[in-house]
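The values are calculated or read from the model by the stated rules, or taken from the named source; none is laboratory data. Note that this is a predicted model, so its numbers are computed, not measured. As a convention, Cβ positions derive from the backbone with ideal geometry for all residues, glycine included, and neighbour counts pool all protein chains shown. In case anyone asks, the SASA skips ligands and DNA or RNA and just uses the protein heavy atoms, side chains included. Shrake-Rupley method; radii C 1.70, N 1.55, O 1.52, S 1.80 Å.
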Amino acid sequence: MLPARYETIILYSRKDAFGDGLLRIPALRAARTAFPDSLLVYGTTETSTLADALNGHVRHLVDAISVETPLAHLVAGHRRAKQRVAVVDFRIVAPWLVQTWASLIGRRIVYEANFPAFALSLPPGHRPEARPEHNAWRYHRLVERLAGKRLPFDHRLEPTPAARAAARSLAGGSQAPLIIVAAHGDGNKRMTADQVVAISDAMISDGANLIYVKTPGVGPDSAELVRRVPKLQLVDSGIAPDIAVSDILLALGELADLYIGAEGGTAHLMATVMTPMVMVNSGANMARWRPLSNSVDMVEARQASPTGLVANVPPPKIIEAARRMLATRRRDHPSLMGHVDRTEYLSA
């Protein structure tokens, strides 16, 4: 049975922080795969990183992005006589979803909502279906339900050639394990200078090559880090003014043997190139927010620190996890450790 044809499909969320936007990309790819001839419109109530920081990765997937636009306005603006319109609602607040569902009754608009058991969009005679635990799979499943078939799930991102060239230069030709550290972030998703220094000293003593990437948000003073750990390389917005730090980080992730940082958008970015990681979690539900990669060792801040704050996790806990991850990789995937000639890797 062929999927229904829709002239317009509106995919809608409330707000996309960096990690949120990354987790929605597989659903956008699935929508473009299932509905190549439909007008795909992505909208948000507030802001979206898919409209700016991540736009280069999705602009070929959707035809329009409308931020800070009520869903009702998008529906009114894209509905035409006798045209079939569908709405895929990624939001999770139940009252909003019920209100939207009720407002669309009788308007011949197909509605798929991120509601428990998908109960607002059950075809007549069908039983409720349990939603996947992980948010990215929930978004993807909504598109599958609209399409009436299973679709590829693809969360990977591709660094640009310029970012790869910059990453090769930064990593050099050393065969020592390459470890990326990021400690900047918002709220509790950041580490202190003392934590970064302790981790860097330990990993460098073990023979690793350490690169610290300054990402958006609050965090340690870069000059202090370089002063306290002279062998630590620093990557920030000044390293390559014409290349976004996130793009360089993505390319470094392809080369790295390990990433260390707090739960958040940077960890999700590393997952798009399958970088092994040690992640310090301050309380996020990992069933729903775990990075979409194969090798993740979690340090739970609520277990490692009386305060439950990332900044108060003792560095030895993080260092132990990093050494455990590297040892596990050497045991289980010896051919992947130190396999990259970084002077030749992905050369133009």
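Here are the numbers for the structure shown:
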| item | result |
| --- | --- |
| Matching residues, the range 146-163, being out of contact with any helix residue (DSSP H, G or I) (no Cβ under 7 Å at 6 or more places or on another chain), over 19 Å from N135 (Cα atoms) and not in a loop (DSSP other than H, G, I, E, B) | P161, A162 |
| Answer from G106, G77 - the residue that is free of Cβ contacts under 8 Å to residues at least 12 places away in the same chain, more than 18 Å from A34 (Cβ to Cβ) and not in a helix (DSSP H, G or I) | G106 |
| Filter result (within 18 Å of V143 (Cβ to Cβ) and touching a strand residue (DSSP E or B) at 6+ places or on another chain (Cβ under 8 Å)) within the range 76-100 | H78, R84, V85, A86, V87, V88, D89, F90, R91, L97, T100 |
| Index of the failed condition, V226 passing every other in (1) at pLDDT below 95; (2) closer than 24 Å to P314 by Cβ; (3) not in a helix (DSSP H, G or I) | (3) |
| Scope the range 41-58; condition assigned to a loop (DSSP other than H, G, I, E, B) and either touching a strand residue (DSSP E or B) at 6+ places or on another chain (Cβ under 8 Å) or not charged (D, E, K, R) (or both); matching residues | T45, T47, A53, L54 |
| Among the residues listed as S174, S169, the single one being farther than 18 Å from E263 by Cα, touching a residue at least 12 places away in the same chain (Cβ under 8 Å), of a type in the set (G, A, S) and not in a strand (DSSP E or B) | S174 |
| Hey, R108 over 26 Å from H155 (Cα atoms), at pLDDT below 95 and in contact with a Ser or Thr (Cβ under 9 Å, 6 or more places away or on another chain) or not | no |
| Residues satisfying the stated conditions in the range 305-323, i.e. open to solvent by 20 Å² or more (accessible area, probe 1.4 Å), of a type outside the set (V, I, T) and more than 24 Å from the chain's Cα centre (by Cα) | P306, N312, P314, P315, P316, K317, E320, R323 |
| Residue list for the range 7-16, filter: outside any strand (DSSP E or B) and surrounded by 22 or more Cβ atoms within 10 Å (Cβ to Cβ) | none |
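Each row is one residue, and each column tells you yes or no for (1) closer than 21 Å to Y111 by Cα; (2) of a type in the set (D, E); (3) open to solvent by 60 Å² or more (accessible area, probe 1.4 Å).
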{"site": "F18", "(1), (2), (3)": "no, no, no"}
{"site": "V41", "(1), (2), (3)": "yes, no, no"}
{"site": "V62", "(1), (2), (3)": "yes, no, no"}
{"site": "S66", "(1), (2), (3)": "yes, no, no"}
{"site": "R84", "(1), (2), (3)": "yes, no, yes"}
